[in-house]
Amino acid sequence: MSEQPPSEGPRRRRRLDRRGLLTWLFPELRLDGTPWRAQWRGHEDRLIVLSGRIALATSIVGQVLHHFVVDVPLRLEPAGRWAAYRFGSSALYALLLLATLLPRLQRGALARLPLFVLAVVVSSLQALTVVWLPSVSYLYAFVFSVVGVLLLRQPVPSAIATLSFFAACQWAVAWRHTDIHPSRLVSVFTLAVGLVILFRARMTTDVRAFLTSRRERQTQQRLLETQVELDRVKTNFFTNVSHELRTPLTLILAPLETMISGERAVPADLRADLELMLRNAQRLLRQINTLLDLSRLDAKHEFLRLEELDAVELVGSLVESGRPLAAQRHVALAFAVEGRVPPFPVDRDKLEKIVLNLLSNAIRFTDGTEARPGAVTVRCSLRVDRFVCSVEDTGIGIPDDEIERVFDRFHQVQRPATRGRGGSGIGLALVRQLAEFHMGSVSVRSRVGEGSCFTVELPIDRAVYPPERLDRRQEQVSVPVERRRSRPGPAELHLAGARLPPRPVRITPTPSTRAAAAAKPLVLVVDDNREMLEFVAGQLADEFRVRLAERAEEALRMAALEAPALVVSDLMMPDRSGTDLLRDLRRDPRLRGVPVILVTAKADLQSKIENLQQGADDYLAKPFSVAELRARIRSLLERRKLAVELAEKNEYLAKLNFDLVLSKRQVFLETMEAFAVAVEAKDPYTHGHSRRVSLLSESVAHELGVSDADRETIRIAGILHDVGKIGTPEAVLVKPGKVTSAEYEIFKRHAQMGWRIVSAVKELDGVARAILHHHERFDGAGYPHGLAGQEIPALSRVLAVCDAYDAMTSDRPYRAGIEHRLALDELLRCSGTQFDPECVQAFLRLYEEAAPRFPEFPSALRELATSRDCLPGEGR
């Protein structure tokens, strides 16, 4: 048997003792390896800053009060030095207090700086009082030192070092110049060190308490996360179980309903057996739905859909629906209303579940005979601000020891009288949870052999419901449908002229869809359950062509080969769900219009809304009726047929509208050019000027990056910019010499005249503004309004540059035109004064290398443009 070396155990104990000593001296070492070290430092910094502010404020108040309460009455000498000491230190403390408001002095090592300076100053000043108070000055100095060190919240070694620094400062400023015996200082310093060690040893306890609180919080967080995960797993479990149970139930209920309601005759004894099977299958479905309701309430996936409802009318209709069952069991069913109950906000679905559960329990546990029938009475009333509904029966009753547990989940009263009456112990549990979720309550009173009375109370005021319980998606979600493009109005002829209306997109069905529609419509059924596929196919085959797919990818491949008229898809499938299939169909331009019906076991409202928002056309919960499925398919196909016909007509109208817009725009532009040529005919020197200015302005506007609508506006403005000259006398317009100032004033009116003429056409308002201001100068010296800089409309600034260039390079009655290069130099010289520099630079980028070239007139205008002896020059 081997023995350990004798030195290993003591060495390990020494190592452990060294670690314990270090953590005692520096308790923060306990936080190493944990995620909370930064939190601890932040916590300490906040406490230090708070302590510093309190100490500084206290010192300021104390010094001021000490001066007026002690120094002044005692007439301490010299008075000036005492006043300077009190108020000077108070001013310093006030500055330190303001410094604590700086963000950089609220965290890290700098957080201790104001408090450290305060402790040094206070203890040193107290030491200086040795001149006046030699007997106690050193004691006060060390007391303040100890207080300052404790407020700094340092570990023991750091605290002792800080205390030693304070003592050194006091020695340097005061005691080395006095005759105080060193033994006094040593004894007081030793006492101070003992106090620091005694109080700062509590830092270990503080760190331990901090660690404990953080670990407890972490444990609680983990427990909460575990609970959330368990809720999620439980919800997923119930969802999956629901899917696995609802699919077989569909294959049970649907064939049974088909056989019972089918055209073929069924023998009476077989019909009775089929109806028995149907009733029990429906009963199983109700149990599954109840379990799912409970799971959604537990997982907080349930919401209240409140609506103003006549609860009395609703309860009355539920009572009437229970009369057949009550008659079978020889139970007299009565309904009474006490007083007037106005409509109030309530969730219809949840109120129905509450009343139906209570009513079915009352009938089931009430015995009756023809000679002595049982009785169940449902009463409704209003009690203050709550709606009260009670269901009272004369049944077997509930023992007193069972009343407390009657609302527990899966609990059933174990008595001979309750056996053989069915039930799973979840109906009353659901009633209580629904009532409490509805901010109400449910109670029971009962006596064995006499019957029971269950009472439900619900609030009638909407304000009592927490916002998080209300369903905010109660508004109807509209699915956007692209309508045909509206016919453009007159304003669009010039504002959107350069941006032609888009050609209509053909949205009519493909040839394969047309061929399929001519015969039986093709229905694509997608489900991962082969038996479900075969059953649905068998039920739909007599009316539709049916194709089957077990996976979403397979369904997409089939749809790509031949577009179906309609898709019926299960929602929960392996690999890819029905929602994924729906998204893929809606992304495919050829298939996005195909109607989709989602069939699923997830019957909750949230899933339904989410899938309808994704683009589903209908939503059917399992188990479903084949007749209902047929009706919904027929309805969607009829709607699809009408949509196709509407699309064809819209396409035809859109084509006519497109051609009409093109023809109107062409006629409009040619009319404008003809009008401008007619105006220029008044002055033979202005031949072609307006057209050239129009083309130049459109090019410069394009270079500046303006919108298509503004480019079309300036194009028309260029054509019509001189239309106001129609009101200028010819003597002024074609005068060969220099005009007088009076004639120039007459000439300047043509901008306003042009604006009045063009603004008469409402759709040309933008053109009119550009014409009105195209003679404004960038420095504000232009006309008619003297606008400057950015006050001038942008299109007017472009028009001014192009108009001036063409005027300079063309012949006038009073001068000959100048060369292209000289015109550019003039534009540059006047850039920033007469013209917008940005517009000038854009013009230069286009035409600095060569002069612009202009296309010929349209053939329709050539004859008019060359008539009346027009010369190749321009007017004023």
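Please work out how much length the chain gains when fully extended from SER317 to SER759, using 0.36 nm per residue of separation minus the C-alpha to C-alpha distance, in nm with one decimal. Mind showing how you got there, number by number?
On the way: separation 442, 0.36 × 442 = 159.12 nm, distance 6.91 nm.
Taking SER317 through SER759 to full extension adds about 152.2 nm, to one decimal.
Within region 373-387, list the residues whose amide N lies under 20 Å from a label point set 7 Å along Cα→Cβ of SER443.
Only 377-387 fall inside the zone, counting backbone N under 20 Å.
Taking Cα centroids, how far is region 766-800 from region 537-607 in Å?
Using only Cα atoms to place each centre, the spacing works out to 63 Å.
Using a 1.4 angstrom probe with every protein chain in place, what is the largest-first accessible-area order of LYS353, LYS738, LYS725? Display every interim value, and only then the final one.
Working: LYS353 55, LYS738 180, LYS725 15 Å².
Ranking LYS353, LYS738, LYS725 by accessible area, largest first, yields LYS738, LYS353, LYS725.
Set the bar at 23 Å for Cα to Cα. Now go through LYS520/LYS641; LYS353/LYS622; LYS353/LYS608; LYS725/LYS762; LYS649/LYS762; LYS735/LYS762 and name every pair that lies beyond it.
Numbers: LYS520/LYS641 13 Å; LYS353/LYS622 19 Å; LYS353/LYS608 20 Å; LYS725/LYS762 21 Å; LYS649/LYS762 33 Å; LYS735/LYS762 35 Å.
Over 23 Å Cα-Cα: LYS649/LYS762; LYS735/LYS762.
In nm, to one decimal, how far is the modelled label at ARG37 from the one at ASP461, with both set 7 Å along Cα→Cβ?
With each label point 7 Å from Cα toward Cβ, the separation is 5.6 nm.
Over region 525-653, what number does the Rg to Rh ratio reach, with both radii from the alpha-carbon atoms and Rh per Kirkwood?
We get a ratio of 0.96 for region 525-653.
Evaluate the distance, in nm, between pseudo-label points positioned 7 Å from the Cα of LEU139 and of ARG586 along their respective Cα→Cβ axes.
Here the answer is 8.6 nm between the modelled labels.
Can you compute the charge dipole magnitude of region 683-869 about its Cα centre, using +1 on each Lys and Arg Cβ and -1 on each Asp and Glu Cβ, nothing else charged? Give it in debye, rounded to the nearest 20.
On the way: 22 positive and 28 negative charges, 91 e Å.
About 440 debye.
So for region 683-869, Kirkwood radius off the Cα pairs, Stokes-Einstein at 25 °C and 0.890 mPa s: how many µm² s⁻¹? The partial results should precede the final answer.
Details: Rh = 16.9 Å.
It diffuses with D of about 145 µm²/s by this estimate.
In whole Hz and in residue order, list the ³J(HN,Hα) couplings for region 362-368 that follow from phi through the Karplus curve 6.51 cos²θ - 1.76 cosθ + 1.60, θ = phi - 60°; x for Gly and Pro.
4, 5, 5, 9, 10, 9, x
Could you tell me the accessible area of MET277 in Å² (1.4 Å probe, neighbours in place), rounded to the nearest ten?
Per-residue accessible area (MET277): approximately 100 Å².
At 0.36 nm per residue, minus the direct Cα-Cα distance, what do GLU308 and VAL384 gain on full extension? Give it in nm, one decimal, please.
Values: separation 76, 0.36 × 76 = 27.36 nm, distance 1.83 nm.
My answer for the length gained is 25.5 nm.
Let's test the formula: R0 of 60 Å, r as the Cβ-Cβ distance of GLU638 and GLU370. What FRET efficiency results, to the nearest 0.05?
On the way: r = 52 Å, r/R0 = 0.86.
That pair, GLU638 with GLU370, gives E of 0.70.
Please list THR809, THR713 in order of solvent-accessible area, largest first, computed with a 1.4 Å probe with all protein chains present. Show your work: numbers first, answer last.
Working: THR809 45, THR713 5 Å².
From most accessible down to least: THR809, THR713.
With labels modelled as points extended 7 Å from the Cα through the Cβ direction, what inter-label distance (nm, one decimal) is found for THR258 paired with ALA161?
Taking the two extended label points, one gets 8.9 nm.
Amide H neighbours of LEU309 under 5 Å, at least 5 residues apart or on other chains, H built in the peptide plane: list them.
PHE344, VAL346
Which FRET efficiency value, to the nearest 0.05, is calculated for GLU791 and LEU101 with the Förster distance at 35 angstrom and r the Cβ-Cβ distance? The partial results should precede the final answer.
On the way: r = 47 Å, r/R0 = 1.36.
Step by step, r from the Cβ atoms, then E = 0.15.
Residue by residue through region 572-578, which ³J(HN,Hα) values in whole Hz follow from phi under the Karplus form 6.51 cos²θ - 1.76 cosθ + 1.60 (θ = phi - 60°), with glycine and proline marked x?
So the J values, rounded to whole Hz, are 9, 9, x, 6, 10, 7, x.
May I ask for the distance between the Cα centers of region 378-404 and region 38-55, given as a whole number of Å?
60 Å
How much length would be gained if the chain were fully extended between VAL233 and THR190, taking 0.36 nm per residue of separation minus their Cα-Cα distance, in nm to one decimal?
Numbers: separation 43, 0.36 × 43 = 15.48 nm, distance 6.50 nm.
Difference between extended and current length: 9.0 nm.
Suppose R0 equals 35 Å; then what is the FRET efficiency for ALA109 and ARG217 from their Cβ-Cβ distance, rounded to the nearest 0.05? Intermediate values should be presented prior to the final figure.
Details: r = 28 Å, r/R0 = 0.79.
Here the calculated transfer efficiency is 0.80.
The values are calculated or read from the model by the stated rules, or taken from the named source; none is laboratory data. All of these numbers come straight from a predicted model, not from anything done at the bench. Every residue, glycine among them, receives a Cβ derived from its backbone with ideal geometry; neighbour counts consider all protein chains shown. For the accessible areas, the whole protein counts, side chains as well, though only heavy atoms, and no ligand, DNA or RNA atoms are used. Shrake-Rupley method; radii C 1.70, N 1.55, O 1.52, S 1.80 Å.
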